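Asks: The structure's right below; bear with me while I get my questions together.
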Amino acid sequence: MSRRGEMALIAFLQAQNCSNYAGSWRHPETMQDYLKPQYYQRIARILEDGRFHMAFFDDRLAMPDILGRDHAEAVRNGIRVVKMDPVSILSAMGYATEKLGLGATYSTTYYEPFHIARVFATLDHMLGGRVAWNVVTSLNDSEARNMGRSEHPEHDLRYDRADEFMEIVLSLWDSWDDDAIKNDRETGLFADPTKVRRLKHHGRWYDVEGTFTVPRTPQGRPVLLQAGQSGRGKTFAANWGELIFITQRNIEAARANYREFKESIAALGRNPDEVKVCPAIYSIIGTSEDEAAEKKAQIEALAKPVDGLALLSEVLNYDFASKAMDEPFTDEELAGIKGLQGIRDRVVQGSGKKNPTVADFVEVSGRGTIRDFTGFHGTPKKIADEMTEWFETDACDGFVLAATHMPGAYEDFVRLVVPELQRRGVFRKEFAGTTLRENLRLPRPRPFDWKRPA
Ligand SMILES: Cc1cc2nc3c(=O)[nH]c(=O)nc-3n(C[C@H](O)[C@H](O)[C@H](O)COP(=O)(O)O)c2cc1C
């Protein structure tokens, strides 16, 4: 299948006081009405004008309060401490737009399958088939405690449980046939009961028995997003994801990872063209290289050292205040990390040390800085050339653009880079349809097509 014109562009949003870049709230141009729907609606309109495929919200069920086992530093410094439920925000954005896709993160570890199935199916009806669910298994003990558990479950176990969770959610979404509803007032037949299946699921983790209460949705079912990066996480992503988010340091590593992902998707009997792999990026744009460099320096100066420490503690589920900066992690501590293992592995590799120190984690991971993701910085032409090279040489199918400040980073990108991408023929000028699946050129799924031979 030709991918010409089909680069996927997704905005990586946060329902909170800052973007992914914690220091962004200190940027003089960041707008501060993030507790109001207008803030999100403004961003949605900018993205729709730029023909973005989707606005997607990250989420975590706790603020970063693992550093020093206290919330004070995070709250004082505004380190991703406000986190609102993304679903009502998606509704607000959806009502302000017509074609922009809208995705939100919900956790398989802390919600129930019926709940998630119902929330996203309802949204997909309300927003005309534009909805996606980012499937995560969550990361840390603060989330566990907020949700009434004592500690966060072990890494691979979370994914085993999530596999069963997905079977339930998808069975519920597929339980009403498209033509089940008759609405025949003359005969009195509302819906054909033979076209509505009752779920009887008795598995290792879940016993769910009942009939789903939301009819099949405009796009068949919501699009599934996933971002597993560990071996187990990637297998899960290859099994279920339709848009897969990754973090990649350079184009060579991205190409190797892309090939590996597409092969594992094909090996599972899925069509690799129907799964899009998209790295997370930042982009700082100037009309000249000097202007871009100046803007970048201004943005980088917003980060505080405590941002990195708080955000590392959060994703690795480990209190970085419990060690001195130059103290190495023991083998046992490294092996016991339950959170984002990809960062641990990258730091071990990048530092060249079997037992990296706290300072190595801060430096190599770039957590809390804009080095957290690959950067495309410079003039619009240079950025568009680089993105085109990634896209055309099979390093990715598109990008997930995080903001350095809000909403300016998206305004700049839509005004300056999108036309360059369109001129190069890699990004579309118009939406292909009205549903998110149509716009991503993903076919409308047949019921139970996700059931593959074991
Ligand atoms: C672009 C991107 C977005 C992500 N969004 C979330 C999120 O909203 N919530 C969350 O708990 N984890 C999120 N993650 C983390 C992943 O779900 C996953 O846990 C992580 O990449 C580590 O992989 P692993 O679980 O296989 O170890 C995101 C990761 C990436 C790359």
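Asks: Among the listed residues Ala117, Ala92, identify the single one that is in a helix (DSSP H, G or I) and over 23 Å from Lys276 (Cα atoms).
Replies: That would be Ala92, the only listed residue that is in a helix (DSSP H, G or I) and over 23 Å from Lys276 (Cα atoms).
Asks: Can you spot a residue in region 177-186 that is of a type in the set (D, E, K, R), touching a Leu at 6+ places or on another chain (Cβ under 6 Å) and farther than 30 Å from Ala335 by Cβ?
Replies: yes
Asks: Quick check: anything in region 147-156 modelled with pLDDT under 95 and either within 19 Å of the chain's Cα centre (by Cα) or part of a helix (DSSP H, G or I) (or both)?
Replies: Yes: region 147-156 contains one or more residues that are modelled with pLDDT under 95 and either within 19 Å of the chain's Cα centre (by Cα) or part of a helix (DSSP H, G or I) (or both).
Asks: Further question: Among the residues of region 189-201, is any away from the ligand (no atom under 16 Å from the Cβ), within 29 Å of Ala335 (Cβ to Cβ) and either surrounded by fewer than 17 Cβ atoms within 10 Å (Cβ to Cβ) or without any contact (Cβ under 8 Å) to a residue 60 or more places away in the chain (or both)?
Replies: Looking for residues that are away from the ligand (no atom under 16 Å from the Cβ), within 29 Å of Ala335 (Cβ to Cβ) and either surrounded by fewer than 17 Cβ atoms within 10 Å (Cβ to Cβ) or without any contact (Cβ under 8 Å) to a residue 60 or more places away in the chain (or both), one finds none in region 189-201, hence no.
Asks: While we're looking at this one, here's another question. Which ones in region 217-261 are in a loop (DSSP other than H, G, I, E, B) and either free of Cβ contacts under 8 Å to residues at least 60 places away in the same chain or of a type outside the set (D, E, K, R) (or both)?
Replies: Pro218, Gln219, Pro222, Ala227, Gly228, Gln229, Ser230, Gly241, Thr247, Gln248, Asn250
Asks: Separate question: Gln14 - would you say it is polar (S, T, N, Q) and either closer than 23 Å to Ile370 by Cβ or touching a strand residue (DSSP E or B) at 6+ places or on another chain (Cβ under 8 Å) (or both)?
Replies: Taking the combined requirement at face value, the residue satisfies it.
Asks: So which of Ala121, Ala104, Ala144, Ala74 ends up being surrounded by 20 or more Cβ atoms within 10 Å (Cβ to Cβ) and free of Cβ contacts under 8 Å to residues at least 40 places away in the same chain?
Replies: Only one candidate qualifies: Ala144.
Asks: A further question follows. Restricting to region 318-334, and then to whatever is more than 26 Å from the chain's Cα centre (by Cα) and among the hydrophobic types (A, V, I, L, M, F, W, C), can you tell me which residue is farthest from Asp360 (Cα to Cα)?
Replies: Residue satisfying both the conditions and the ranking: Ala321.
Asks: From the residues in region 77-93 that are surrounded by 22 or more Cβ atoms within 10 Å (Cβ to Cβ) and within 24 Å of Gly128 (Cβ to Cβ), which one is nearest to the ligand (Cβ to nearest atom)?
Replies: Pro86
Asks: Another question, then. The conditions are (1) within 16 Å of the ligand (Cβ to nearest atom); (2) touching a Leu at 6+ places or on another chain (Cβ under 7 Å); (3) of a type outside the set (Lys, Arg), and Leu127 fails exactly one of them. Which is it?
Replies: (1) is the only condition that Leu127 fails.
Asks: Within the set of pairs 6 or more residues apart or between chains, which connect a residue that is over 15 Å from Gly5 (Cβ atoms) inside region 47-60 to a residue that is away from the ligand (no atom under 12 Å from the Cβ) and part of a strand (DSSP E or B) with Cβ atoms less than 6 Å apart?
Replies: Leu47/Ala55; Met54/Gly101; Ala55/Leu102
Asks: Quick one: how many residues across region 227-261 are away from the ligand (no atom under 13 Å from the Cβ), over 24 Å from Leu170 (Cα atoms) and either crowded, with 22+ Cβ neighbours inside 10 Å or not hydrophobic (A, V, I, L, M, F, W, C) (or both)?
Replies: Number satisfying all stated conditions: 6.
Asks: So which of Ser264, Ser313 ends up being modelled with pLDDT of 95 or more and either surrounded by fewer than 22 Cβ atoms within 10 Å (Cβ to Cβ) or not in a helix (DSSP H, G or I) (or both)?
Replies: Exactly one of Ser264, Ser313 is modelled with pLDDT of 95 or more and either surrounded by fewer than 22 Cβ atoms within 10 Å (Cβ to Cβ) or not in a helix (DSSP H, G or I) (or both), namely Ser264.
The values are calculated or read from the model by the stated rules, or taken from the named source; none is laboratory data. The structure presented is a predicted model; accordingly, all values stated were derived computationally and were not measured. Because the Cβ atoms are built from the backbone with ideal geometry, glycine has one as well, and the counts that use them run over all protein chains shown.
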